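The values are calculated or read from the model by the stated rules, or taken from the named source; none is laboratory data. These figures come from a predicted structure and were not determined experimentally. Every residue, glycine as well, gets a Cβ built from its backbone with ideal geometry; the counts of neighbours run over all protein chains shown. All accessible areas refer to the heavy atoms of the entire protein, side chains included, with ligands and DNA or RNA removed. Shrake-Rupley method; radii C 1.70, N 1.55, O 1.52, S 1.80 Å.
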Amino acid sequence: MSNAIQTPAGRRLAVMPPPVLAGIVRYFHVERDSGGAALVPASPYPMVTFFAAGGSLVPSTGGTLTLFEQPMLCGPVTVPMPVLWRQGTTFISALIEPASFARLFGVSPAALRDLPVALADVTPAAPFAALQDTLHGTDDTSAWLGVLQAWLLQLLARRPAAVPPLALPPALLALPAADIARRCGLGVRQLERRFNDTFGQSLRDMRRMARYVQALARLMQAPPRHGLLTRIAMDCGYHDQAHMIRDFVHYTGRAPRAHLQDAGTDPLHRLYRYDPAQRWIVARP
């Protein structure tokens, strides 16, 4: 990482975690000077978000909207989440590997699935005032990343893993639940409980989301060409293109062809757009 990372106004930045946080953080997302309605993409990765300016109105329990200006946590997002940002909203998020979420924050991802909450309500003993002071006191993206990374490392040091999370290589997702359970030395019901606690959703739902995530990653990186959607559907394990379209509508609110044809003029789906040099960070396996 360079000493100075600049994020132009109205733009977003994806940043790889340092080696010491590999396997803990998927990537960091920086959003600068945005405003208006947006859709947060469905994602298997829980996140913690700190605001440097502005705030976000997000759905909460009962269908009401809650304004977040202070740090917030959210578990896996299983359907696109509509948000409304105040003009000039600037924030930094860490997308967390699901198996590390409980160790960091003391709560299962399943408890916060599709549910943004104030960080202080979940981990009141995790001080973040110094981190907030840095966000409000400097415009340097590198400084923001540095203090957030240091804060996450402090959380890891304070909370050793009491119960090892369920370690499940992605290739095993395609196996029947009984086969996965046998390889893990568990009963099927034990596997299902531990899987839900670790990843925040059921094995069946995770299989579906993993297929969609793989297809979206291919779509983000591949140049449009004839037959691309059929090829992606086949490579990602869909029965046919119609099956993939249904999943994309469920997880993103629009068909995959709309993503291909997106010229960058639709602010609602802005969070799917990154500079070409950064897309691999978001789309990597």
Return yes when residue 204 is open to solvent by 50 Å² or more (accessible area, probe 1.4 Å), among the charged types (D, E, K, R), more than 28 Å from residue 100 (Cβ to Cβ) and in a helix (DSSP H, G or I) and no when it is not. no
Of all the strands (runs of 3 or more DSSP E) wholly in segment 32-94, which have at least 3 residues that are surrounded by 16 or more Cβ atoms within 10 Å (Cβ to Cβ), among the hydrophobic types (A, V, I, L, M, F, W, C) and in contact with a strand residue (DSSP E or B) (Cβ under 9 Å, 6 or more places away or on another chain)? 47-53, 72-74
So residue 112, is it buried (at least 16 other Cβ atoms within 10 Å of the Cβ) and more than 29 Å from residue 244 (Cα to Cα): no
Quick one: how many residues across segment 215-235 are closer than 26 Å to residue 196 by Cα, surrounded by fewer than 19 Cβ atoms within 10 Å (Cβ to Cβ) and without any contact (Cβ under 8 Å) to a residue 60 or more places away in the chain? 0
Among the residues in segment 278-285, are any among the basic types (Lys, Arg), modelled with pLDDT under 95, within 28 Å of residue 32 (Cβ to Cβ) and exposed (fewer than 15 other Cβ atoms within 10 Å of the Cβ)? yes
Looking at the structure I just gave you, is residue 255 open to solvent by less than 30 Å² (accessible area, probe 1.4 Å) and at pLDDT 90 or above? no
Look at segment 160-191 and say how many of its residues are part of a helix (DSSP H, G or I), surrounded by 12 or more Cβ atoms within 10 Å (Cβ to Cβ) and of a type outside the set (D, E, K, R). 10
Of a type in the set (A, V, I, L, M, F, W, C), under 30 Å from residue 184 (Cα atoms) and either open to solvent by less than 50 Å² (accessible area, probe 1.4 Å) or touching a strand residue (DSSP E or B) at 6+ places or on another chain (Cβ under 6 Å) (or both): is that true of residue 148 in this structure? no
Looking only at segment 235-249, decide whether some residue is touching a Lys or Arg at 6+ places or on another chain (Cβ under 8 Å) and within 30 Å of residue 91 (Cβ to Cβ). yes
Condition met for residue 157 (out of contact with any strand residue (DSSP E or B) (no Cβ under 7 Å at 6 or more places or on another chain), open to solvent by 40 Å² or more (accessible area, probe 1.4 Å) and in a loop (DSSP other than H, G, I, E, B)): no
Flag if residue 254 is of a type in the set (Lys, Arg) and under 18 Å from residue 27 (Cβ atoms): no
Under 29 Å from residue 139 (Cα atoms) and modelled with pLDDT under 95: which single residue out of 61, 66 fits that description? 66
Considering only residues that are at pLDDT 95 or above and among the small types (Gly, Ala, Ser), look in segment 101-117 and name the one that is nearest to residue 26 (Cα to Cα). 110
Here are the criteria: (1) of a type outside the set (Asp, Glu); (2) outside any loop (DSSP other than H, G, I, E, B); (3) open to solvent by less than 30 Å² (accessible area, probe 1.4 Å). Tell me which single one residue 99 does not satisfy. (3)
Kindly indicate whether any position in segment 122-129 is modelled with pLDDT of 95 or more and either of a type in the set (Gly, Ala, Ser) or surrounded by fewer than 19 Cβ atoms within 10 Å (Cβ to Cβ) (or both). no
